[in-house]
1. How many residues are free of Cβ contacts under 8 Å to residues at least 40 places away in the same chain and open to solvent by less than 40 Å² (accessible area, probe 1.4 Å) if we restrict to segment 199-241?
2. Starting from segment 331-360, keep only residues that are more than 18 Å from Ser291 (Cβ to Cβ), then list their pairs with residues that are small (Gly, Ala, Ser) and part of a loop (DSSP other than H, G, I, E, B) whose Cβ atoms are within a distance under 6 Å, requiring at least 6 positions of separation or different chains.
3. Only one of (1) over 23 Å from Ala239 (Cβ atoms); (2) surrounded by fewer than 21 Cβ atoms within 10 Å (Cβ to Cβ) fails for Lys326. Which number is that?
4. For Asp555, only one of the following conditions fails: (1) more than 27 Å from Ala599 (Cβ to Cβ); (2) over 24 Å from the mean Cα position of the chain (by Cα). What is its number?
5. Considering segment 561-612 alone, what residues qualify as being more than 26 Å from Glu630 (Cα to Cα) and either charged (D, E, K, R) or over 27 Å from the mean Cα position of the chain (by Cα) (or both)?
6. Quick check on this structure: which one of Leu405, Leu368 is open to solvent by 70 Å² or more (accessible area, probe 1.4 Å), under 30 Å from Ser185 (Cα atoms) and out of contact with any Ser or Thr (no Cβ under 8 Å at 6 or more places or on another chain)?
7. Collect the residues in segment 294-323 that are touching a Gly at 6+ places or on another chain (Cβ under 9 Å) and either of a type in the set (Lys, Arg) or loosely packed, with under 14 Cβ neighbours inside 10 Å (or both), keeping them in residue-number order.
8. When you look at Ala147, is it among the aliphatic types (A, V, I, L, M) and over 22 Å from the mean Cα position of the chain (by Cα), yes or no?
Amino acid sequence: MNLLLYILVSLQIVPTFYKNEQSFMKDIKVNPGFKLIKVYPTEDIEPPESTTIWIGYSQDALYVFARNYQKGIQASTRKRDSENIMADDWILVYVDTQGRGNEAYCFQFNPLGTKRDFILTEGGSNVEEWDGDWHVDVKNTEYGWDALLVIHFKSISFAKTDWGIQIERYIAKSTELQLLVKLPSFQQVKGIAALKLDFNKIFIESASYSLIPIVELRVEKEHSGEGEDNFYFRYGATARFKEGSGTLLDLTHRPDFSDVEADIEQINLERLPVNYPEKRPFFMEGKDLISTPIELVRTRNIEYPVAGLKFYTRGKKLSFAGYFVKDSLLKYVGFSRATYSFEKNFILGIFNASAQGSFTLYSMDMNLYIPQVKMDIIGLWGKRMDAKSNIIYVKLKRRQEFKGLGFSLSYLSIDSSFISPIHLIYFDRVKKYSASLNYQFLLSKININVYSDYYTRKDKYTNELISEEYGPGISVSLAPFSFSLGTSRALLNYTGLPDARMDMNFISFAYSLSSWKNISLSLNSGKYFGSDLKYITLRLNLSPFNKFNIGFQEDFIDCDMMPEKSIFQIFGEIPFTYAITFKPYLNYKKYREGYDEMALNGIVSYDLSSTTGIYLGFTKNLSKNGKEWESNYEKIVFKIKAGYDLMNLIH
């Protein structure tokens, strides 16, 4: 056995081969490991809150052990694959298993053991969702916390060549970032450490296949206004075939998404619909593969799916995803995209979408990343075949991460008759120019970011101004405090109002320790379509005793042009046990006309696995125009979902 767990020479790591996980953990006690270096906000090769890493492998798995020294751990995100984990303490390991330097599997976790996984393209130009067979064991210690990451070889595709590996650690309270290999960008895959494995010692019994039938049974009670209670018995079924982590075929009939939590309401002062994110599992898994630079299909517009088929496959260079859905309102909708990744930092995509009612769209897009200057060149050309209408989009973007200059320039042109119910494009026959500029620098431990944004949207044929907006600002942060100040000046002629100007000033303050331990206050005031506006938002997220997460948000609005006076919301994640979770949501609105509305929503879930569980959901809408509350609508759903991998019977 080697005296050192691995050898690091010229950014080459040669890990030791072990019989199993137990022998790897035993050897950690006598080997020194390797320390991460601090790169932000200041550089230090021996930071006080240090991180020591050990790497090893066996015939079926890669092991990474991290010993993290820290006083005052900050972590509160418990939901898997939530981007809120970025505000916690975390470790991120990404492994380039093809050795090409343009793509990597990423494994992220916090001190609570919450996991997030994705596939990162060089420079962060694309982040693909991915669910693989890996686990992490975490343990709080007197000096901080330990974590053991185990990645099973059968769950990833790889080439028998030198891999690449990078390890990052983030400490939320000080916004400190530590890296295994110091690189110009923390999202850079090219130039990370080479990982040399002996593939003669790696044994994969067979490809990993899953065939999972899932059956859902639902009982619903619905009551509307003063009518009688209505009871419904519904069923749904899904069949999933999965090969490793790269290929999936989903067939679903009468899918139900009553266990998906409600959206936290936002107000858009520009009087355009808010683009709330997709949360439904059928559309989430593989969604990254059909994402284009301009969103040509918004899956949330498919509100009432009756049946659906989804297929995707990820290859070393070529990937494909296709969806075909029958919807109660839109009838039949289909969309697909194929992407080809060239050797270095260049991705080409071809997209198609169609819907019943003579809507057919084809497009081609590309993303070229130039790491030497941190520049993205993005382009898209598309054509709606039935209307002979084109869309052209070009964007030049320089990435700015910790300090320095960042900017973006873009041009968008859309012909007439391009708008469709399946995407989120509100204006056609337009041309739009956009520009943004920001400069970030450090003053001692204070992070300062100065920025300015501008766009103008005009009629493509008459050159008439549709809307225009610009807004400079500055943000200052000294962890865990942050402060921002700015202004926004807009002319929104598309509203059709006599005075279509919006002249706003804003200031905000925030104190943040982690994703669910923070408070923020924002103040907006100015002229809003000819009226005075004062708009205040107070948000408080709490994680009492690190046992559950609860959030509160209050919006106060004082403006004659806005119907609401205030909006109060409560939301959260309350685990009763490891498998049972309650997700509450309350929305209470006061209107200027003198009436109130309240929406109550809650989900209790008992998740035995990703395919099996019991769910109880409720929704209740009330209104008050005087002293008494009246129930307008209520619904209770009890659902049982059961799935089993039939391949287990074979093994």
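The values are calculated or read from the model by the stated rules, or taken from the named source; none is laboratory data. Fair warning: this is a prediction, and the values are worked out from it, not measured in the lab. When we count neighbours, we look across all protein chains shown, and the Cβ atoms used for this are built from the backbone with ideal geometry, even at glycine. Quick note on the areas: whole protein, heavy atoms, side chains included, nothing else; ligands and nucleic acids left out. Shrake-Rupley method; radii C 1.70, N 1.55, O 1.52, S 1.80 Å.
1. 3
2. These pairs meet every condition: Phe359/Ser420.
3. Only one criterion is unmet by Lys326, namely (1).
4. (1)
5. Once the filter is applied, which keeps residues that are more than 26 Å from Glu630 (Cα to Cα) and either charged (D, E, K, R) or over 27 Å from the mean Cα position of the chain (by Cα) (or both), segment 561-612 yields Met561, Glu573, Asp607.
6. Details: Leu368 fails: open to solvent by 70 Å² or more (accessible area, probe 1.4 Å).
Just a single option satisfies the conditions, and that option is Leu405.
7. Those that are touching a Gly at 6+ places or on another chain (Cβ under 9 Å) and either of a type in the set (Lys, Arg) or loosely packed, with under 14 Cβ neighbours inside 10 Å (or both): Lys310, Arg314, Gly315.
8. When the stated conditions are applied, Ala147 passes them.
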